[in-house]
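This report concerns only the one structure given below.
The values are calculated or read from the model by the stated rules, or taken from the named source; none is laboratory data. Every value quoted in this text rests on a predicted model; they were computed, and no experiment measured them. Note that each Cβ is placed from the backbone with ideal geometry, even for glycine, and that neighbours are counted across all protein chains shown. The protein model used for the area step is the full one, side chains on, heavy atoms only, and it has no ligands, DNA or RNA in it. Shrake-Rupley method; radii C 1.70, N 1.55, O 1.52, S 1.80 Å.
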Amino acid sequence: MLAYFHHSFGGNDTNFGLSFMTADAALASGRSYDYIIVGGGTAGCPLAATLSQHFSVLVLERGGSPYGNPDIENRDRFGKPLREADNYTSIAQGFVTEDGLLLHRARVLGGATAINAGFYSRASLEYIRNMGWDEKLVNSSYEWVEKQNAFRPNKLSGWASAFKNALLQAQFLPYNGYTVDHVEGTKISASTFDNNGKRHTAADLLQKANPKNIVVLLNATASRILFNSTGGKLKASGVEFLSTVNGQSYKVLLSQFSGRSEVILSAGSLGSPQLLLLSGIGPSEHLKEFNIPVLLNLTSVGKDVQDNPGTTMRVESPIPLRISSPQVVAILNNSQIYVFSGSSVDQVPINGTSNSTRTRYSGSFFEKVAFPLSRGELRLRTKDPRDNPSVRYNYLSHPLDLQLCVQAVRVMSKVSETASIQQFTFQNSSSSPRGFRFIGTAMPDSDSDDKTVEKFCHEGLASHWHYHGGCNVGSVIDKSHRVNGVNGLRVVDCSTYIDIPGTNPQATTMMLGRYTGIKILQERLQ
Ligand SMILES: Cc1cc2nc3c(=O)[nH]c(=O)nc-3n(C[C@H](O)[C@H](O)[C@H](O)COP(=O)(O)OP(=O)(O)OC[C@H]3O[C@@H](n4cnc5c(N)ncnc54)[C@H](O)[C@@H]3O)c2cc1C
């Protein structure tokens, strides 16, 4: 049932063409909606834009707008928001896993696409088939995203070009040239940075929304899903949220007209399971620890979270390099290992004093174990929705993950020994193993024994921020992304993945937002 409404928040310069974006909670909360989407991130924005074509949509986003902020929009500032993360207000929110690794999550419209490295690559056909997704709709959904947000690099950076040549010299073949498809071998992929270095976030997909049918409320942190019970089954009826503009709490309700309105969680792999737990859906013993009334004992919420382990080789370059995001990837060992590259420029103190600095150019490779078997758990730490939950990923605890990490490090060693990468060594440098000036832990040689490489995997453990799970398909949600045992509630984001799609998740996560939106429209309009 269509429920059009008209509003105007003023089409001024501050909302960058998104006339429906506001931070005025009072304005947004006095209405009911066909869909309330929690989280205006990678999945939430395309989902909202799609549903708004026929239904009224409210997006609750805890962060602010990405527009007009050079730290977000400019590729050369990549990493700055991560360094400036604080607890409650910054664009990125840091969290330390129980394993001891510092990671980040987004707190801004556009979600992680506003702070990530921009690498854009689709999922494999095998992945799409395993998920039981409609291949034709998957393709058209990718295309919908790519028209707006994916750019073919017109030139590789100096380091990316050397990395690509090194992969070919080391026989990581075939060379597939430029493609967004997931293909074994070496390829150049797309980026969400355009060729002027400007970032395009998932928020740009909101330009395709029906402005008469959508409200995007910023600085609104959902604290609880509201429910009523019909025929003994829970049904989502709205959302309670906290406006971080004025510190007040508000409620927004679903339209009761058709009985088919829904709350959809797209708050990410930390945010969505956290919100289910805060709302009383999760393992009862855990909820009782926090005196949260148990509405549904869904034991799998927060279980089987994962993050892909990896390591990095980072070296100082004797040749000036520019800051570059990943452009090239090697997809190896039947898609079990991926290797990327990136380069950066920073100022470092001379002789340990901060008074004088020098410019340091560095290049890096990083490997990723694609399908780790180690799994962990997400639990509440506090009842404050602004706080991070606690997460443990148990990196490398499964022996096969460690074996794959060893293989991946050996790939990086092989690449580092090619003529193409040897040009980045320093001559006559006694402190530099094999002529490289390593930044961080020195990577082992390709002839190092397994124990040495295993030690490097543990000591040099790094994340690509591809953490996922917590609302896994099959246990927390069904294949249509509906939460098991609840009516009118779905989850659509990285918390639903059992494995990360493709080399990196953002392409498929934006696609999934569009795809699920179309599926919901098809169900309701038929
Ligand atoms: C630093 C970094 C680099 C990365 N590099 C790449 C890369 O190069 N390529 C790639 O493909 N992937 C990359 N990734 C991973 C990828 O960006 C993420 O996996 C993916 O974008 C997550 O999508 P999502 O929709 O699950 O969550 P998000 O995009 O994080 O969206 C969740 C949204 O929900 C909001 N939210 C959370 N809780 C609440 C609440 N209670 N109320 C209201 N709003 C809430 C958040 O503010 C956020 O906007 C990177 C990630 C990071 C952090």
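Summary table
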item: Selection count, the range 277-302, where residues are out of contact with any strand residue (DSSP E or B) (no Cβ under 6 Å at 6 or more places or on another chain), closer than 13 Å to E377 by Cα and either of a type in the set (V, I, T) or assigned to a loop (DSSP other than H, G, I, E, B) (or both); result: 3
item: Residues within the range 25-34 that are part of a loop (DSSP other than H, G, I, E, B) and at pLDDT below 95, tallied; result: 2
item: Any hit, the range 184-202, residues being open to solvent by 40 Å² or more (accessible area, probe 1.4 Å), over 29 Å from M21 (Cα atoms) and modelled with pLDDT of 95 or more; result: yes
item: Test: residue in the range 210-221 that is surrounded by 14 or more Cβ atoms within 10 Å (Cβ to Cβ), in the same structural domain as S121 (by the TED database) and small (G, A, S); result: yes
item: Residue in the range 234-283 that is nearest to the ligand (Cβ to nearest atom), counting only those that are open to solvent by 30 Å² or more (accessible area, probe 1.4 Å) and aromatic (F, W, Y); result: Y250
item: Test: residue in the range 213-233 that is within 16 Å of the ligand (Cβ to nearest atom), in contact (Cβ under 8 Å) with a residue 12 or more places away in the chain, basic (K, R) and over 30 Å from T382 (Cα atoms); result: no
item: Segments classed as strands (runs of 3 or more DSSP E), wholly inside the range 338-438, with at least 1 members that are in contact with a His (Cβ under 9 Å, 6 or more places away or on another chain); result: 353-369, 376-379
item: Test for L287: is it at pLDDT 95 or above, open to solvent by 10 Å² or more (accessible area, probe 1.4 Å), more than 15 Å from the ligand (Cβ to nearest atom) and closer than 30 Å to G485 by Cα; result: no
item: Residue list for the range 338-358, restricted to those being in contact with a strand residue (DSSP E or B) (Cβ under 6 Å, 6 or more places away or on another chain) and of a type in the set (V, I, T); result: V339, V345, V348, I350, T357
item: Identity of the residue in the range 96-120, among the small types (G, A, S) and assigned to a helix (DSSP H, G or I), that ends up surrounded by the most Cβ atoms within 10 Å (Cβ to Cβ); result: G111
item: Inter-residue pairs, beta-carbon under 6 Å, first free of Cβ contacts under 8 Å to residues at least 24 places away in the same chain and within 20 Å of L265 (Cβ to Cβ) and in the range 93-121, second open to solvent by 10 Å² or more (accessible area, probe 1.4 Å) and more than 8 Å from the ligand (Cβ to nearest atom), 6+ apart; result: none
item: The range 482-515, residues that are under 27 Å from L226 (Cβ atoms), open to solvent by 10 Å² or more (accessible area, probe 1.4 Å) and within 13 Å of the ligand (Cβ to nearest atom); result: C494
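Matching residues to (1) among the hydroxyl-bearing types (S, T, Y); (2) modelled with pLDDT of 95 or more:
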| site | (1), (2) |
| --- | --- |
| D401 | no, yes |
| C405 | no, yes |
| A408 | no, yes |
| G435 | no, no |
| F438 | no, no |
| T441 | yes, no |
| T452 | yes, yes |
| F456 | no, yes |
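Residues checked against (1) touching a Pro at 6+ places or on another chain (Cβ under 7 Å); (2) within 11 Å of the ligand (Cβ to nearest atom); (3) within 13 Å of V180 (Cβ to Cβ):
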| position | (1), (2), (3) |
| --- | --- |
| L109 | yes, yes, no |
| A114 | yes, yes, no |
| N130 | no, no, no |
| L137 | no, no, no |
| Y142 | no, no, yes |
| A162 | no, no, no |
| L167 | no, no, no |
